[in-house]
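Below is one structure, written out as structure tokens, with a few remarks after it.
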Amino acid sequence: MRSVITTGKTLEDAILAAAIQLAVQRDKLEIEVLEEPVKGLFGVFGGKDAKIKASVMQSMGEVTRNFLNELFEKMNLEAIVDVTETDDLISVNVSGPKMGILIGHRGETLDAVQYLTGLSVNRESKTYKRVIIDTENYRKKREETLIRLAKRLAHKVHKTRKKIVLEPMNPFERRVIHSTLQKDPYVITHSEGEEPYRKIVIALK
Amino acid sequence: MVELVSFIARSLVDNPEQVDVQRVEEDDAIIIELRVAPDDMGKVIGKQGRIAKAIRTVVKAASLKEDKRVTVEII
């Protein structure tokens, strides 16, 4: 984050000086008062200037983009980061020549990067925003695969009259399966076990 | 790899200046040793080691090209 330390006769003077030095509007500055100004005798003797630290405020989307750009650079991964920010969501699309590395086995790496980004971006912020990272439409395709899997397994449970326990999945993936089978007339789903090994059970109604 | 682990750790903890990362070279492996302030241990390990696991997963992805196995140890 870009910041400067400035002084002035009043707080206002110091803030204006900071805005000029950083070349931004003053409402984009986060101000930390280091020393309150002290008026001297007759306004002349023994007075002390105000001292502040001013930092340029960044949106959470900007913080996210900076974090990922630096992360990918240190991972030696050539990538273009595209960020869309709404009130409660930061949605990121990453593109580049080697996105298979970023996705990893069953999206394992993509999930890890998404998790760490979410932690880092929300750490210093007052508001919480969910971070979702996707590349080459991986999440959408994975969702379609899970929907097909859910339907196939529901059919099997109905036919064999035996319950099926699925592999451990993350909350997002479990949600896809639950909602796919929510209205199924023959089967019911629930989750068992503790994170990160929580798994779905598809059973006969 | 040291820089990568250091960057991730510094972005998670409250005392980034106390993050220390060392690379230890062994015959068939590279060990990345991560040290943080005692108060920050939870910030790099997480509930049931979830954060530590995510850090290791990212490092594993970044070290695919290395011919040695790279492991991250939190000390």
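Miscellaneous remarks
- Residues that are facing another protein chain (nearest Cβ under 9 Å) and open to solvent by less than 60 Å² (accessible area, probe 1.4 Å), drawn from segment A:76-98: A:L77
- Residue pairs whose Cβ atoms lie under 9 Å apart, separated by 6 or more positions or on different chains, with the first residue in segment B:57-75 and over 15 Å from B:I31 (Cβ atoms) and open to solvent by 80 Å² or more (accessible area, probe 1.4 Å) and the second of a type outside the set (D, E) and not in a strand (DSSP E or B), are B:L64/A:I101; B:K65/A:N76.
- Qualifying residue in segment A:99-122 (condition: within 18 Å of A:G61 (Cβ to Cβ), open to solvent by 40 Å² or more (accessible area, probe 1.4 Å), among the charged types (D, E, K, R) and not assigned by TED's automatic domain parsing to the domain that holds A:P168): no
- All positions within segment B:5-38 that are in a helix (DSSP H, G or I), over 17 Å from B:R69 (Cβ atoms) and within 14 Å of another protein chain (Cβ to nearest Cβ): B:S6, B:F7, B:I8, B:A9, B:R10, B:S11, B:L12, B:P16
- Filter result for A:A50 (over 30 Å from A:I101 (Cα atoms), over 26 Å from the mean Cα position of the chain (by Cα), without any contact (Cβ under 8 Å) to a residue 40 or more places away in the chain and crowded, with 18+ Cβ neighbours inside 10 Å): no
- Here the condition is being closer than 23 Å to B:A54 by Cα, at pLDDT below 95, in contact with a helix residue (DSSP H, G or I) (Cβ under 8 Å, 6 or more places away or on another chain) and open to solvent by 20 Å² or more (accessible area, probe 1.4 Å); of A:N170, A:N137, it holds for A:N170 alone.
- Residue in segment A:100-114 that is within 14 Å of another protein chain (Cβ to nearest Cβ) and touching a residue at least 40 places away in the same chain (Cβ under 8 Å) present: yes
The values are calculated or read from the model by the stated rules, or taken from the named source; none is laboratory data. Keep in mind that what you see is a predicted model, and the values were worked out from it rather than measured. Cβ atoms come from the backbone with ideal geometry, glycine included; neighbour counts cover every protein chain shown. Calculation scope for accessible area: heavy atoms of the full protein, side chains included, ligands and nucleic acids excluded. Shrake-Rupley method; radii C 1.70, N 1.55, O 1.52, S 1.80 Å.
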